[in-house]
Amino acid sequence: MQAKAALLAPNGDVIQESEPVTVHIDDHHTGGEEGERIYKGFFYNDEVADRELSDWAGEWQSVYPYLKSGALDEVFEAKAAKSDTMDAAEYKAYYDTGYQTDVAEIQIEGDQVTFTKENGDSQSAQYTYDGYEILNYERGNRGVRFVFKRTDDNTDMPSFIQFSDHNIHPNKVAHFHLYWGDDRAALLDEVDHWPTYYPVDWTEAQIADDMLAH
């Protein structure tokens, strides 16, 4: 959304106003205490609902290049300042493993998903919803993977993609983690490697600010 500041006269007339600026709203903590609880991974099974691929429609960019360039160093420093167990370098190494991918951009339109590699090569395939899986983590919280299965014969694309974005029911998102491969069950065991994507028009500063807010 866009916002601008305005100086008003007592009668409500605009005396002066600023240029509009684009504001990205943090959508992770909406819904009050319930939304906060769900975001942290504490929810009831009957709160989970099926989702459509349209929840992730759009063009998305990997955050991995920003980690490699150092643009996210302030995020790791902020996390380290709140931690008694990890310093900034350890956080960066942890996220380096998590974010690592050669899929630079993802486009989702209708039932079609397109992966574009760092070298510019692109492949597309069609996907259909294949249910969700609730995962229990060692920390005691839980997560949900929303699974989609490839329906065409392009074997250059993964048989399955699984979305995780801290939501448990239909909702448009500002970023997501994506898991992909040909073994549906094996993907559910993957908890160390989670390529992460933000809207393609977000700048590195906007991505860093969003991460710092969480």
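The rows are residues; the columns are (1) at pLDDT below 95; (2) surrounded by fewer than 20 Cβ atoms within 10 Å (Cβ to Cβ); (3) assigned to a loop (DSSP other than H, G, I, E, B); (4) more than 15 Å from the chain's Cα centre (by Cα).
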site: 139; (1), (2), (3), (4): yes, yes, yes, yes
site: 143; (1), (2), (3), (4): yes, yes, no, no
site: 148; (1), (2), (3), (4): no, no, no, yes
site: 178; (1), (2), (3), (4): no, no, no, no
site: 187; (1), (2), (3), (4): no, yes, no, yes
site: 194; (1), (2), (3), (4): no, yes, yes, no
site: 201; (1), (2), (3), (4): no, yes, yes, no
site: 207; (1), (2), (3), (4): no, no, no, no
site: 214; (1), (2), (3), (4): yes, yes, yes, no
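Being under 28 Å from residue 47 (Cα atoms), more than 15 Å from the chain's Cα centre (by Cα) and either acidic (Asp, Glu) or crowded, with 19+ Cβ neighbours inside 10 Å (or both): is that true of residue 153 here? It is false that residue 153 is under 28 Å from residue 47 (Cα atoms), more than 15 Å from the chain's Cα centre (by Cα) and either acidic (Asp, Glu) or crowded, with 19+ Cβ neighbours inside 10 Å (or both). Spot the failing condition for residue 192; the list is (1) within 28 Å of residue 66 (Cα to Cα); (2) without any contact (Cβ under 8 Å) to a residue 40 or more places away in the chain; (3) not hydroxyl-bearing (Ser, Thr, Tyr), and only one is missed. Going through the list (1) within 28 Å of residue 66 (Cα to Cα); (2) without any contact (Cβ under 8 Å) to a residue 40 or more places away in the chain; (3) not hydroxyl-bearing (Ser, Thr, Tyr), residue 192 breaks only (2). Residues considered: 34, 74. Of these, the only one that is over 25 Å from residue 131 (Cα atoms) and part of a helix (DSSP H, G or I) is 74.
Of the residues 104, 88, which single one is more than 18 Å from the chain's Cα centre (by Cα), surrounded by 15 or more Cβ atoms within 10 Å (Cβ to Cβ) and not basic (Lys, Arg)?
The match here is 88.
Going by the structure shown, is residue 150 among the basic types (Lys, Arg), in contact (Cβ under 8 Å) with a residue 24 or more places away in the chain and closer than 30 Å to residue 73 by Cα? In short, no.
Within segment 115-126, can you find the residues that are under 17 Å from residue 61 (Cα atoms) and crowded, with 16+ Cβ neighbours inside 10 Å?
So in segment 115-126, the residues under 17 Å from residue 61 (Cα atoms) come out as 115-124.
115, 116, listed by residue number.
Only residues that are among the hydrophobic types (A, V, I, L, M, F, W, C), assigned to a loop (DSSP other than H, G, I, E, B) and more than 16 Å from the chain's Cα centre (by Cα) were counted in segment 156-176, giving 1. Which one is farthest from residue 213 (Cα to Cα), of the residues in segment 54-71 that are in a helix (DSSP H, G or I) and of a type in the set (A, V, I, L, M, F, W, C)? By that ranking, first place goes to 56. The selection criterion, being within 25 Å of residue 38 (Cα to Cα) and acidic (Asp, Glu), holds for residue 190.
Applying the set (1) outside any strand (DSSP E or B); (2) surrounded by fewer than 16 Cβ atoms within 10 Å (Cβ to Cβ); (3) in contact with a helix residue (DSSP H, G or I) (Cβ under 9 Å, 6 or more places away or on another chain) to residue 95 leaves exactly one unmet item: (2).
The values are calculated or read from the model by the stated rules, or taken from the named source; none is laboratory data. A quick note: this is a predicted structure, and the numbers were derived from the prediction, not measured. Neighbour counts run over all protein chains shown; Cβ positions are idealised from the backbone, glycine included.
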